[in-house]
Amino acid sequence: MIQSNRIDKKCLDMALSAGRPEDLPDFRKPPLAETVLSLQFEPVAGLTTAHVGLLWAQFRKQFPMIEEHPPLPPAFEKFQPPTPPQVEVSFEEKPPVPRLWFLNEPGSELIQVQSDRLIHNWRKMEGLDPYPRFEPIRDKFRDEVRILEEFLSEEKLGTLAVNQCEVTYVNHIEPASVWARHGEAEKVFVMCSRLGTASFLPEPEDAAVRMRFVIPGPNGNPIGRLHAVVQPAWKKSDSSPILTLNLTARGLPLGEGIEGAFAFFELGRNWIVKGFADLTTREMQRMWERIDG
């Protein structure tokens, strides 16, 4: 069953038309490598690979390249007590529709389509324009959702029944004067506490952290979560160490229809940006040239 949190239409309109909120922290040189907006909905019955090919024709001028990938499993934020795992056996009458990527020529932006998802990715590419900011990406995605809705209507495939919304920011944090080794994660993230100088254990070789934060809705009940994941990694170009911080806000639409979904995108972006400021050290924020919100 699809759930939703009803909010005042005036609040919805404000969320959908707003620019960047004044109270958000900002950075002139953010370590952002990728931004993702994802709309998950009830599977569109009758959607075939041929349909997705027809849909590509409406995006092909801007996204002339195409790739095929396995479909993503559905993802839901649940707040009930966990139930014991059960073994289920299902038989597919036909193979699942693959997830198709529509990519622009440099590969910096792409649209992902499958029977229950529409996703827009922006990716940082060497030598290309810097991060265009959230608002232009959000506005592009709104247009893409509108095109999908019109396509489903024209092909008599039904309407979108949104059940989860997702915003993800992927940060690649490179060594700087503040840190040089994976074991110095505490100089980058406030939740990575360091062992004392008198401890038996030496500096860790590396560290990984996973944290979840409940996002409350307008009525105070939980509607989603912010997931924060810190992991060590290495740059492909020169194998130098980097630290990744993935922040994902996922949850229910804040109201009915597509408007409620985009209201959640605004809320999720706010949680991500403010969460990023809370989780990273002031020393690193000075490197990224923070502008207080």
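The values are calculated or read from the model by the stated rules, or taken from the named source; none is laboratory data. Only a predicted model underlies this, so the values are computations on that prediction, with no experimental measurement involved. Virtual Cβ from ideal backbone geometry, glycine too; neighbours counted across all protein chains shown.
Structure notes:
- Residue check for residue 91: at pLDDT below 95 and part of a loop (DSSP other than H, G, I, E, B): yes
- Annotation note: Cβ proximity below 8 Å between a residue of region 96-113 that is buried (at least 19 other Cβ atoms within 10 Å of the Cβ) and a residue that is among the small types (Gly, Ala, Ser) and assigned to a loop (DSSP other than H, G, I, E, B) (sequence gap 6+ or interchain) occurs for 97/115.
- Restricting the first member to region 168-188 and to residues that are buried (at least 17 other Cβ atoms within 10 Å of the Cβ), and the second to residues that are assigned to a strand (DSSP E or B) and among the small types (Gly, Ala, Ser), the beta-carbon pairs closer than 6 Å and six or more apart or on different chains are 170/33.
- Filter result for the condition that a residue is under 30 Å from residue 119 (Cβ atoms) and within 18 Å of the chain's Cα centre (by Cα), over 214, 188: 214
- Answer residue from region 133-184, given it is assigned to a helix (DSSP H, G or I) and aromatic (Phe, Trp, Tyr) and is nearest to residue 242 (Cα to Cα) among those: 134
- Where a residue in region 140-151 is in the same structural domain as residue 112 (by TED's automatic domain parsing) and its partner, wherever it lies, is in a helix (DSSP H, G or I) and surrounded by 18 or more Cβ atoms within 10 Å (Cβ to Cβ), with Cβ under 6 Å and at least six apart: 145/258; 151/55
- Contacts under 7 angstrom Cβ, first residue in region 54-70 being exposed (fewer than 15 other Cβ atoms within 10 Å of the Cβ), partner among the polar types (S, T, N, Q) and assigned to a loop (DSSP other than H, G, I, E, B), 6 or more apart: 62/104
- Test: residue in region 227-236 that is of a type in the set (Phe, Trp, Tyr), at negative phi, free of Cβ contacts under 8 Å to residues at least 60 places away in the same chain and surrounded by fewer than 16 Cβ atoms within 10 Å (Cβ to Cβ): yes
- Test: residue in region 268-281 that is in contact (Cβ under 8 Å) with a residue 24 or more places away in the chain and touching a helix residue (DSSP H, G or I) at 6+ places or on another chain (Cβ under 6 Å): yes
- Within region 249-273, the set of residues being of a type outside the set (Gly, Ala, Ser) and under 15 Å from residue 216 (Cα atoms) comprises 250, 252, 253, 254, 264, 265, 266, 267, 269, 270, 271, 272.
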